[in-house]
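Asker: Have a look at this one.
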Amino acid sequence: MTAPIVPDTHPPAKRGWWKENQQRLAPWLFLAPGIFMFLVYVIIPIFQSINISFYDWDGLGEATWVGTGNYVELMDDEAFYTSLKNNVIWLVLYMLAIPMGLFVALFLNQTVRGIRIYKSLFFFPFVISQVVVGLVFAWFYDPSYGLMNIVLGWFGAEPIAVLADERYVTYGIIAAGLWPQTAYCMILYLTGLNAVDPEQIEAARLDNAKGAKMLWYVILPQLRPATFIAVVVTVIGALRSFDLISIMTDGGPWGSSRVLAFYMYEQAFSEYGFRMGYGAAIAVVLFLIMMVYIAGFLWKMYRDEKGH
């Protein structure tokens, strides 16, 4: 005779706090080191720079509070306006890297013989140092034996000292910067093209869409994430341009190729500078320009997404 089954009246064991919140907390634990580093090396220094911009400080001695004195001085600084004007030129012309990168990516996104060699050649500028790029273009522009002036000589034109002429120097440096920046945008768009929906392409072809219409109405809308990253990276690259200027002209001739990042370095760290507060004020202006530009683009993208 079997014993009757007695139901278990004990309540289920209580789950621990970690077991209940594991899924919710796990992502934050993985993000925590990155967030900590971002706070320590990016966010906190931004506020420290803003704070230093209200002081007159040589980086070693005691800091003297000057309030908005550094910003007032900027308003009467001719070198600051030259740097600001050059930064605007950099911003406008550097954006050419985005359509150029797109068209190179469209060319390379084909399955034809030898395409890997072409991809390697176009990818090459991205992996070399900006210092090397600056040296290569300095030799290219050389008025005595540079390739550019040799070619001009074939057509009977006089040599042009690009890096020694105030009219051309900024444009010559920007051309050097566009070479690796175009390669970077190309990589972003090549990645984006791999995610384009082939069914939408086929449907568009059935509707007789091809060429510019296919690109504008079918492909580009699917490349918005790549375009967003390309714009943000290109804007930041244009505004923080420093190494090419330092290598190719050191701000010359007569300070005509300075940009805000280079002028900030001159004021804060060069042997004739050590004006940390004034350099920080220039950095704050540069940061605000960058934030306004990127925030405007983000707002435009948000409105476009909302409209769709």
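Every read-out reported here was derived from the displayed coordinates using simple, explicitly stated rules and does not represent laboratory data. For clarity, every value in this text was computed on a predicted model and none was experimentally measured. Note that we place each Cβ from the backbone using ideal geometry, even for glycine, and neighbour counts take in every protein chain shown.
Asker: Give the relative contact order (percent, whole number) for segment 114-182; include only Cα pairs under 8 Å separated by 6+ residues.
Answerer: The normalised contact order for segment 114-182 reaches 27 percent.
Asker: Oh, and also: Could you tell me how many degrees, from 0 to 90 and to the nearest 10, lie between the Cα long axis of helix 97-108 and the main elongation axis, the longest principal axis, of the Cα atoms of the chain?
Answerer: Relative to the chain, helix 97-108 is tipped by roughly 70 degrees.
Asker: Quick one: Karplus J couplings for segment 44-51, per residue in order, coefficients 6.51, -1.76, 1.60, θ = phi - 60°, nearest Hz, x for Gly and Pro?
Answerer: So the J values, rounded to whole Hz, are 4, x, 4, 5, 5, 5, 4, 5.
Asker: For Rg/Rh (Cα atoms, Kirkwood Rh), the listed values are (1) 1.15; (2) 1.04; (3) 0.93; which was obtained by calculation from the structure presented?
Answerer: (1)
Asker: Same structure, new question: Classify segment 4-138 as rounded, prolate or oblate, taking a ≥ b ≥ c as the square roots of the eigenvalues of its Cα gyration tensor: rounded when a/c is under 1.5, otherwise prolate if a/b is larger than b/c and oblate if not.
Answerer: Verdict is oblate for segment 4-138.
Asker: Quick one: net charge around T64, please, counting Lys, Arg +1 and Asp, Glu -1 for every other residue with C-beta under 11 Å from its C-beta.
Answerer: Numbers: positive: none; negative: D56, D58, E62.
Local net charge: -3.
Asker: Would you mind computing, in nm to one decimal, how far apart the modelled labels at A26 and A175 are, each placed 7 Å from Cα along Cα→Cβ?
Answerer: My value for the distance between the label points is 5.5 nm.
Asker: Further, regarding this structure: Report the FRET efficiency, 1/(1 + (r/R0)^6), for D207 and W299, where r is their Cβ-Cβ distance and R0 is 30 Å, rounded to 0.05. If you can, show how the numbers build up before the last one.
Answerer: On the way: r = 33 Å, r/R0 = 1.09.
The computed FRET efficiency comes out at 0.35.
Asker: Hey, what angle do you get for helix 276-307 against the long axis of the chain, alpha-carbon based, 0 to 90 degrees rounded to 10?
Answerer: Around 60 degrees separate the two axes.
Asker: Order of E20, E266 from fewest to most other C-beta atoms within 10 Å?
Answerer: Numbers: E20 11, E266 21.
Fewest-to-most ranking of E20, E266: E20, E266.
Asker: Given +1 on the Cβ of Lys and Arg, -1 on the Cβ of Asp and Glu, and no further charges, what dipole in debye does the chain carry about its Cα centre, rounded to the nearest 20?
Answerer: That gives a dipole near 1520 debye.
Asker: Pulled fully out, how much extra length does the chain show between W254 and M37, if you take 0.36 nm times their separation in residues and subtract their Cα-Cα distance?
Answerer: Working: separation 217, 0.36 × 217 = 78.12 nm, distance 3.96 nm.
Separation in residues times 0.36 nm, less the Cα-Cα distance, equals 74.2 nm.
Asker: Using a Gaussian network model of the chain with C-alpha springs under 10 Å, which one of M291, M37, M95 is most mobile by mean-square fluctuation?
Answerer: Checking each option, the largest mean-square fluctuation is seen for M37.
Asker: For Cα pairs less than 8 Å apart in space and 6+ apart in sequence, what is the mean separation divided by the residue count of segment 52-307, i.e. the relative contact order in percent?
Answerer: 30 percent
Asker: Which of the lysines could be linked to K85 by a straight reach, that is with a Cα gap under 23 Å, when you skip same-chain ones fewer than 8 residues away?
Answerer: Those lysines meeting the cut-off do not exist here.
Asker: Going by amide H atoms built from the backbone, whose H comes under 5 Å of the H on Y55, apart from near neighbours?
Answerer: Amide H neighbours of Y55: V66.
Asker: Take the Cβ-Cβ distance between L215 and K85 as r, set R0 to 30 Å, and report the resulting FRET efficiency rounded to the nearest 0.05. Don't skip to the end; give the middle numbers.
Answerer: Values: r = 34 Å, r/R0 = 1.15.
The computed FRET efficiency comes out at 0.30.
Asker: As a check on your grasp of the helix formula, calculate [θ] at 222 nm for the chain: sum -39500 (n - 2.57) over DSSP H runs of n ≥ 4, divide by the residue count, round to the nearest 500.
Answerer: Helices in the chain give a 222 nm mean residue ellipticity of -21000 deg cm²/dmol.
Asker: Once fully extended, how much extra length lies between E73 and D165, figured as 0.36 nm per residue of separation less the alpha-carbon to alpha-carbon distance?
Answerer: 30.3 nm
Asker: Among T191, T182, which comes first, second and so on when ranked by fewest other beta-carbon atoms within 10 Å?
Answerer: Starting with the residue having the fewest Cβ neighbours, the order is T191, T182.
Asker: How about segment 57-165: which GluC sites (Glu not before Pro) there lie in a loop by DSSP and see at most 16 other Cβ atoms within 10 Å?
Answerer: E62
Asker: I've got another one for you. Which of the peptides 139-147, 173-181 is most tightly packed, and how do the rest follow, going by the mean number of other Cβ atoms within 10 Å of each residue?
Answerer: 173-181, 139-147
Asker: Over what distance in Å are the Cα centres of segment 34-53 and segment 182-221 separated?
Answerer: Computed from Cα coordinates, the inter-centre distance equals 40 Å.
Asker: Let me check against my output: what whole-number percent is the relative contact order of segment 149-235, with C-alpha pairs under 8 Å and at least 6 apart?
Answerer: 25 percent
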